[in-house]
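Colleague: Attaching a single structure in structure tokens format; questions to follow.
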Amino acid sequence: MEAAAMSEITNTGRHTEMVLSMLKQDNSRIDDKAVLAKAQEVIDHCIDQPRKGTPGQSPTSDVLIYGLIQSGKTSVITAAIGVALDRGFRCIVVLTSDNNLLYAQTHDRLSRALRTVAVMGRDEWPDKVSLKISIAHSSAVLVCSKNVSRLRALLDVLRGAEARSLHALIIDDEADQASLNTNARNAEEEASAVNAAISDLRDFFDCADFVQATATPQALFLQQPKGAYRPRFTVLTEPGGDYVGGDFFFDVGEYSSSQRNGPLRDVDLEEVIELTRKKGPGATGSVPTGLRNALNSFFVGASAKLISNPTDCFAFLCHVSAKTVDHNYLARIVRQYWNDMAEALSSAIKTPTQQALLSGLHSAYDDLQSSAGSLPSVEGILDQLAKTIQATSVRIINANSADETKLDRPYSIFIGGNKLGRGVTIKNLLVSYYGRNPKYPNADTVLQHARMYGYRRQDAGYIRLYLPHELAEHFTNISQMESNLRRLVEEYPGSYVEGIPLGRPIEPTRRNVLPRGILAYCGGGTYNPRAPLFSTSPTTNMRQIDELVSRYSAEDEYGSCLMPDVIRVVELSEQVSAADAVLWKPTVLVAALKELESRYGPMAYIRVRRGRGVTGERRETQGILSGGESEQVPDDRVALFIYEMVDAGKIAWWPQLRFPKQNIVLYFNPEASQQTPLRAGPG
């Protein structure tokens with residue numbers, strides 16, 4: 001980094017300056033000021049938190065770094081380490097995935113960026129003497145995979161190095177993966193092994209701050225309030241201008257002016273199912289239509305870019321199954337396909353089959369021309385492809401392989417499963433073919449599969465995502481959830497997030513890491529207090545409800561109203577015993593109503609009736625209406641039925657909410673509603 005540019009970044013020490021310099025060297029387009037600001041926010045918040053042992057303080061998570069998939073949160077983590085070192089932290093532990101590919105990726109990045117301190121990987125920190133010397137004279141950064149044996153070994157090393165009294169920072173990257181207690185649904189069962197080992201590590205230090213980082217915090221936000229793994233404060237990291245994410249792939253409206261149908265291309269779901277049907281080790285077959293179109297688009301697009309950038313390499317991703325037998329089958333048919341294509345390109349006299357292959361390349365050219373603009377001529381692209389197609393590599397990336405996603409060939413085709421999911425960065429990825437299709441997908445898992453996200457704006461016209469329409473709908477729903485969740489966190493960064501909005505059949509996360517009792521509001525569902533509070537004279541809340549609803553017609557008519565009026569009635573509603581409520585929790589309902597307002601607009605329906613007889617206590621989903629009254633009001637918006645009940649000279653206002661009949665579920669932790677949601681901090 002140039003001295004003049006560095007001088008504009010204030011309040012930095014030598015560790016931070018070195019980190020920012022190395023990050024800028026790796027990516028000249030990085031916004032180092034924005035990265036530094038977020039890093040300082042993280043460490044400022046850690047330092048401001050009460051230290052362990054303060055009376056009344058529970059061992060909660062301090063701060064969450066919430067980034068987007070492939071958006072560069074690792075840069076913020078690295079810069080935060082630099083800031084922490086300059087602020088006096090002596091021992092920094094970075095926890096990363098047990099996936100060897102991700103562990104090596106994290107260790108290498110930190111080693112390159114942190115050149116002013118010892119960065120010790122799992123093969124280096126077992127040397128207790130070296131560690132003891134390092135922390136005696138300076139600071140140390142220890143990188144450990146989330147593996148029980150590794151974590152226990154690290155704790156033994158720290159004990160031997162007499163590191164207990166050091167000011168420590170523990171950063172848990174991909175904190176929703178492996179770190180959480182998988183026995184959470186049974187409170188009487190011991191914590192799962194990795195979770196217990198991380199807890200022991202946190203408890204070891206006299207003074208330690210805990211920072212979590214992830215792009216998929218659903219599981220973290222649904223932990224118990226004040227629990228050790230639920231964030232107290234969230235720092236949102238924002239992507240740079242070159243980033244493409246959910247809005248690019250799943251909001252076609254933004255790009256429809258420049259791309260005929262956006263980057264998505266439809267694949268028949270049956271094709272994906274057929275690719276993942278059980279096949280023997282020696283099974284042979286042909287590349288089906290959708291995958292063939294995807295490969296054609298890749299070869300044409302990569303060849304077009306190679307004409308002007310002959311030393312570059314480009315990637316194709318095929319992710320349809322977690323089974324190695326499927327990976328092996330896909331690798332066989334893909335290798336055969338590009339060999340057939342190479343032969344077709346070099347043959348002087350084309351067979352009908354070879355002519356069909358070349359016709360597919362011409363169709364891919366026409367499709368790319370609709371978005372990439374001025375492509376080289378199709379003849380020039382095919383000539384380039386003929387020269388370089390033999391330099392194609394097909395690599396299987398799974399638990400049984402040692403391959404990496406390193407680009408060293410002009411055309412690199414990666415085939416795999418879970419190892420190609422969370423955290424892996426694939427450079428110059430032009431085309432993806434996706435088909436993971438579980439019956440009940442988890443939002444965080446699906447989002448982590450979005451390896452096509454990243455800093456690819458310069459290649460926007462060449463990017464294609466081939467997947468079945470059904471899976472595109474899942475991604476669209478999850479992308480919308482992510483946008484709304486981040487909007488909520490941005491508005492209330494120091495609050496407990498209570499609602500995770502999703503469409504059926506998607507779950508927010510795997511159930512084994514969530515406490516028992518996670519509940520949900522559903523589209524079309526009806527919710528009401530079990531028993532309203534009756535009074536001989538109107539309470540202050542009753543008078544306010546009366547004044548508010550008097551503006552709307554009574555008896556048999558329903559009308560339209562603004563959502564803030566519905567929210568105000570919910571806030572004013574009174575129950576006999578609010579402590580017994582499960583679903584009718586006004587603070588949680590307000591959060592849900594605001595989410596629905598952001599999705600479906602500011603208008604709601606309202607129906608007011610007075611002087612009604614008491615019907616007795618009701619279940620919270622039973623409703624207070626009878627005789628089909630609810631069906632007389634349309635179901636495309638939120639509907640509030642607010643009825644004045646009379647019983648032996650006492651009155652009560654009894655509300656009933658009906659959510660719009662839409663494909664949406666709002667998951668929440670009922671324990672969280674003991675706090676004031678979305679507005680108050682965790683205290």
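The values are calculated or read from the model by the stated rules, or taken from the named source; none is laboratory data. Note that the structure is a prediction, hence the values are computed from the model and not measured. As a convention, Cβ positions derive from the backbone with ideal geometry for all residues, glycine included, and neighbour counts pool all protein chains shown.
Colleague: If the requirement is being closer than 26 Å to N99 by Cα and aliphatic (A, V, I, L, M), which of these qualifies: L166, L151?
Modeller: Within the list L166, L151, the selection yields L151.
Colleague: Right, something else. Mind counting the residues in the range 459-470 that are basic (K, R) and part of a loop (DSSP other than H, G, I, E, B)?
Modeller: Count: 0.
Colleague: Going by what's in this entry, would Y527 be described as out of contact with any helix residue (DSSP H, G or I) (no Cβ under 6 Å at 6 or more places or on another chain) and surrounded by 18 or more Cβ atoms within 10 Å (Cβ to Cβ)?
Modeller: Spelling it out, Y527 is indeed out of contact with any helix residue (DSSP H, G or I) (no Cβ under 6 Å at 6 or more places or on another chain) and surrounded by 18 or more Cβ atoms within 10 Å (Cβ to Cβ).
Colleague: Could you identify the single residue in I47, I30, I9 that is touching a Lys or Arg at 6+ places or on another chain (Cβ under 8 Å), surrounded by 17 or more Cβ atoms within 10 Å (Cβ to Cβ) and either in a loop (DSSP other than H, G, I, E, B) or at pLDDT below 90 (or both)?
Modeller: Of the residues listed, the single one that is touching a Lys or Arg at 6+ places or on another chain (Cβ under 8 Å), surrounded by 17 or more Cβ atoms within 10 Å (Cβ to Cβ) and either in a loop (DSSP other than H, G, I, E, B) or at pLDDT below 90 (or both) is I30.
Colleague: Looking at Y552, is it more than 22 Å from R618 (Cβ to Cβ), assigned by TED's automatic domain parsing to the domain that holds R609 and not charged (D, E, K, R)?
Modeller: For Y552, the condition - more than 22 Å from R618 (Cβ to Cβ), assigned by TED's automatic domain parsing to the domain that holds R609 and not charged (D, E, K, R) - is met.
Colleague: Can you tell me which residues in the range 137-166 are of a type in the set (A, V, I, L, M) and in contact with an Asp or Glu (Cβ under 7 Å, 6 or more places away or on another chain)?
Modeller: Kept after step one, since they are of a type in the set (A, V, I, L, M), are these residues of the range 137-166: 140-143, 148, 151, 153-155, 157-158, 161, 163, 166.
Matches in the range 137-166: L155 only.
Colleague: Among the listed residues Y243, Y255, which satisfies the condition of being under 13 Å from R464 (Cβ atoms) and at pLDDT below 95? Break it down stepwise before answering.
Modeller: Working: Y243 fails: under 13 Å from R464 (Cβ atoms).
Exactly one residue qualifies, and that residue is Y255.
Colleague: Another one. Of all the strands (runs of 3 or more DSSP E) wholly in the range 597-668, which have at least 2 residues that are in the same structural domain as L572 (by TED's automatic domain parsing), in contact (Cβ under 8 Å) with a residue 60 or more places away in the chain and aliphatic (A, V, I, L, M)? If you could, list the steps in order and put the result at the bottom.
Modeller: Details: elements: 603-613, 639-647, 650-658, 665-668.
Of the strands (runs of 3 or more DSSP E) lying wholly inside the range 597-668, those with at least 2 residues that are in the same structural domain as L572 (by TED's automatic domain parsing), in contact (Cβ under 8 Å) with a residue 60 or more places away in the chain and aliphatic (A, V, I, L, M) span 639-647, 650-658, 665-668.
Colleague: Being assigned to a loop (DSSP other than H, G, I, E, B) and within 23 Å of Q622 (Cα to Cα) is the filter here, so list the residues in the range 518-543 that pass it.
Modeller: I518, G523, G524, G525, N528, P529, R530, A531, L533, F534
Colleague: Report whether or not R457 is buried (at least 20 other Cβ atoms within 10 Å of the Cβ), closer than 22 Å to S297 by Cβ and in contact with an Asp or Glu (Cβ under 9 Å, 6 or more places away or on another chain).
Modeller: On the way: buried (at least 20 other Cβ atoms within 10 Å of the Cβ): no; closer than 22 Å to S297 by Cβ: yes; in contact with an Asp or Glu (Cβ under 9 Å, 6 or more places away or on another chain): yes.
Criteria not met by R457.
Colleague: Select from the range 92-136 the residues that are more than 18 Å from A80 (Cβ to Cβ), outside any helix (DSSP H, G or I) and basic (K, R) and list them in ascending order.
Modeller: If the condition is that a residue be more than 18 Å from A80 (Cβ to Cβ), outside any helix (DSSP H, G or I) and basic (K, R), then R122 is the only one that fits.
Colleague: Next question, about the same structure. Within the range 544-559, restricting attention to residues that are surrounded by 16 or more Cβ atoms within 10 Å (Cβ to Cβ) and assigned to a loop (DSSP other than H, G, I, E, B), which residue is modelled with the lowest pLDDT?
Modeller: Selected residue: Y552.
Colleague: Pick from the range 180-229 the residues that are touching an Asp or Glu at 6+ places or on another chain (Cβ under 6 Å) and part of a helix (DSSP H, G or I): which of them is farthest from R152 (Cα to Cα)?
Modeller: Looking at the filtered set, the residue picked out is Q218.
Colleague: Only one residue in R543, R530 is out of contact with any Lys or Arg (no Cβ under 8 Å at 6 or more places or on another chain) and among the charged types (D, E, K, R), so which one is that?
Modeller: R543
Colleague: Is it true that some residue in the range 627-635 is more than 34 Å from the chain's Cα centre (by Cα) and at pLDDT below 75?
Modeller: yes
Colleague: I'd like the residue in the range 590-604 that is crowded, with 18+ Cβ neighbours inside 10 Å and in contact with a Leu (Cβ under 7 Å, 6 or more places away or on another chain) and, out of all such residues, is modelled with the highest pLDDT.
Modeller: A604
Colleague: If I filter the range 82-103 down to residues being within 25 Å of the chain's Cα centre (by Cα) and of a type in the set (A, V, I, L, M), which single residue comes out as surrounded by the fewest Cβ atoms within 10 Å (Cβ to Cβ)?
Modeller: The first filter runs over the range 82-103 and keeps only residues within 25 Å of the chain's Cα centre (by Cα), leaving 93-103.
Within this subset, residues satisfying the condition of being of a type in the set (A, V, I, L, M) are 93-95, 101-102.
Details: V93: 27, V94: 22, L95: 30, L101: 18, L102: 21.
So the residue we want is L101.
Colleague: Does the range 77-91 contain at least one residue that is within 23 Å of Y492 (Cα to Cα) and touching a residue at least 40 places away in the same chain (Cβ under 8 Å)?
Modeller: Checked the range 77-91: at least one residue is within 23 Å of Y492 (Cα to Cα) and touching a residue at least 40 places away in the same chain (Cβ under 8 Å).
Colleague: I need the helices (runs of 4 or more DSSP H) fully contained in the range 351-458, keeping only those with at least 3 residues that are polar (S, T, N, Q) and touching a residue at least 60 places away in the same chain (Cβ under 8 Å).
Modeller: Numbers: elements: 352-372, 378-388, 443-448.
Because the criterion is at least 3 residues that are polar (S, T, N, Q) and touching a residue at least 60 places away in the same chain (Cβ under 8 Å), the helices (runs of 4 or more DSSP H) in the range 351-458 that meet it are 352-372.
Colleague: Return the residue satisfying two criteria in turn: it lies in the range 415-434 and is more than 17 Å from L330 (Cβ to Cβ) and among the charged types (D, E, K, R), and of such residues it is modelled with the highest pLDDT.
Modeller: By that ranking, first place goes to K427.
Colleague: Please pick out the residue among A331, A315, A348 that is surrounded by 14 or more Cβ atoms within 10 Å (Cβ to Cβ) and outside any helix (DSSP H, G or I).
Modeller: Every option except A315 fails the conditions.
Colleague: Next question, about the same structure. Tell me the residue from S321, S371, S297, S377 that is of a type in the set (G, A, S), at pLDDT 95 or above and under 27 Å from D266 (Cβ atoms), please.
Modeller: Just one listed residue meets the conditions, S297.
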